[in-house]
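Asks: Pasting a structure here, questions to come.
Taken together, the values in this text are just the output of simple stated rules run on the coordinates, not laboratory data. What you are looking at is a predicted structure, and each value in this text was computed from that prediction instead of being measured. Methodologically, a virtual Cβ is constructed for each residue, glycine included, from the backbone with ideal geometry; neighbour enumeration extends over all protein chains shown.
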Amino acid sequence: MLRPKKVCQILELVRTYSPIRDDRVSKLITWYVKALQKAIDMIWDSIKWRYCFQELVRKGKGKKLVVIRGLKMRIPIITRGRAFKKRLREELMKDNPYAAIL
């Protein structure tokens, strides 16, 4: 049996772009990172927690139903109202150097 002596080669092409060295771009990226962290903090602070006591039912091998009670689960309630979103946007856009002035 003859085996080919050529080795299969996989060529990969990677495209890179030269970084833009502009003060405005670095200022925008810095603002964006800070705004994301501020948004996460505001959303995290607005979360309210409640506890739920669940009742789970399992089916066993003999098709018996087993009820497990007393499991305490912590459930987050995330604010999704229009007023919260508007306040979040206004707070984040306050320091934006490229935001339009209304």
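Asks: Once fully extended, how much extra length lies between residue 32 and residue 49, figured as 0.36 nm per residue of separation less the alpha-carbon to alpha-carbon distance?
Replies: Separation in residues times 0.36 nm, less the Cα-Cα distance, equals 3.2 nm.
Asks: Take residue 74 and residue 87, extend 7 Å from each Cα along the Cα→Cβ direction, and tell me the distance between the two endpoints in nm.
Replies: Roughly 2.3 nm, to one decimal.
Asks: Ranking 87, 80 by Cβ neighbours within 10 Å, fewest first, what do you get?
Replies: 80, 87
Asks: Could you line up 79, 30 from fewest to most neighbouring Cβ atoms inside 10 Å?
Replies: Starting with the residue having the fewest Cβ neighbours, the order is 30, 79.
Asks: Extension gain residue 17-residue 42, at 0.36 nm per residue separation less the Cα-Cα distance, in nm?
Replies: In short, 5.5 nm is gained.
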